[in-house]
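The values are calculated or read from the model by the stated rules, or taken from the named source; none is laboratory data. Here the structure is a predicted model, which means the values were calculated and not measured. Don't worry about glycine lacking a Cβ; one is built from the backbone with ideal geometry, like all the others, and counts go over all protein chains shown.
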Amino acid sequence: STYREMLKRGEKFLSEACREEAATDSWLLFSWLLEMNRAEYIVKERERPSEKELRTYQSLLERRASHIPLQYIIGEQEFMGLSFLVNEHVLIPRMDTEILVETALPYVSEKSVLDLCTGSGCIAVSLSVLGNPDFCLATDISEQALEIARKNAERNQAEVSFLKSDLFGKISGTFDIIVSNPPYISTEIVEGLMEEVRDHEPRLALDGGEDGLIFYHRIILEGKGFLKPQGWLFFEIGYDQGEAVTGMLQAAGFINIVCKKDYAGFDRVVFGQNGGI
Ligand code: GLN
């Protein structure tokens, strides 16, 4: 058999396993395993794969067919044009979250930045690489997530400090900018998510409590003491949380509150300025 046949069989296998993205995923696993881009594939498609290549490809396909997200299989996801390592201890960075980073970027130059619930570190690392902050601290409650986040900082030559902390628990000092994409899916909704997310992404990174808003309440309430007067707080939010989170910021005395939409037209980012003196 040839590489061409190997790839065709891969696509067939995934489509029979009801994978919607069968063509894309079979190619991505193939090109990752064989380190072949499209041009190299066209040169080599009539050559013969080794037994080992065939076997390894089959095992990758089987893992994907069992709903393991592609990014956990290949261990990587691109975000803000940078490459991030991922495993089952961190949420896979989402395109939606790029909107949060793009919104906060113009504010971070020469400022102190705190990223809560950093997960893979995608927010802190990209703000640090692209935004020239004075200082960037990132926290997570999960030591296993921080292990990945530290590697991602190193991989992208970002100067970020990491701390294991339950939100502000272990933090001292005040910051110009606080940014967070906390878990914001309500417990009930988590159960109905696609298998890839529900069974493979960390529940800890998804579940925002009964109403999905628990982390916004905590961060706004506890965060007052950690945000400089006139400092800015940036949140990613769920599509139906714009009004609720805006209301919480207003009630806490924030000013200049803005809600931004994602590319699908849903509320995705809320930010505001500390009204304190
Ligand atoms: N900050 C990380 C991200 O945006 C993790 C978010 C989370 O775990 N809720 O991908």
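Summary of values
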item	result
Residues satisfying the stated conditions in the stretch 99-138, i.e. among the charged types (D, E, K, R) and under 21 Å from Tyr216 (Cβ atoms)	Glu102, Asp115
Residue match in the stretch 211-218 (condition: touching a Gly at 6+ places or on another chain (Cβ under 8 Å), small (Gly, Ala, Ser) and within 22 Å of Gly272 (Cα to Cα))	yes
Set Asp166, Asp199: member being within 14 Å of the ligand (Cβ to nearest atom), among the acidic types (Asp, Glu), over 19 Å from Phe271 (Cβ atoms) and surrounded by fewer than 24 Cβ atoms within 10 Å (Cβ to Cβ)	Asp166
Some residue of the stretch 99-115 being among the acidic types (Asp, Glu) and crowded, with 19+ Cβ neighbours inside 10 Å	yes
Hey, Gly208 within 30 Å of Gly265 (Cα to Cα), touching a Ser or Thr at 6+ places or on another chain (Cβ under 7 Å), more than 9 Å from the ligand (Cβ to nearest atom) and among the small types (Gly, Ala, Ser) or not	no
Answer residue from the stretch 60-84, given it is among the hydrophobic types (A, V, I, L, M, F, W, C) and under 20 Å from Ala153 (Cβ atoms) and is surrounded by the fewest Cβ atoms within 10 Å (Cβ to Cβ) among those	Leu82
Residue within the stretch 126-138 that is buried (at least 20 other Cβ atoms within 10 Å of the Cβ), within 18 Å of Phe215 (Cβ to Cβ) and small (Gly, Ala, Ser) present	yes
Residue in the stretch 60-82 that is within 30 Å of Gln273 (Cβ to Cβ), without any contact (Cβ under 8 Å) to a residue 12 or more places away in the chain and either away from the ligand (no atom under 15 Å from the Cβ) or not aliphatic (A, V, I, L, M) (or both) present	yes
Yes/no for Ser31 being at pLDDT 95 or above, crowded, with 16+ Cβ neighbours inside 10 Å, polar (S, T, N, Q) and under 30 Å from Cys259 (Cα atoms)	no
Residue tally, condition of a type outside the set (S, T, N, Q), more than 14 Å from Met80 (Cα to Cα) and outside any helix (DSSP H, G or I), over the stretch 141-163	5
Test: Gly223 is within 26 Å of Val129 (Cα to Cα), more than 14 Å from the ligand (Cβ to nearest atom) and surrounded by 20 or more Cβ atoms within 10 Å (Cβ to Cβ)	yes
Matching residues in the stretch 92-140 - criterion: being in a helix (DSSP H, G or I), of a type in the set (Ser, Thr, Tyr) and either more than 15 Å from the ligand (Cβ to nearest atom) or over 14 Å from the mean Cα position of the chain (by Cα) (or both)	Thr103, Tyr107, Ser128
Odd one out for Lys151 among (1) surrounded by 18 or more Cβ atoms within 10 Å (Cβ to Cβ); (2) of a type in the set (D, E, K, R); (3) under 17 Å from the mean Cα position of the chain (by Cα); (4) more than 13 Å from the ligand (Cβ to nearest atom)	(1)
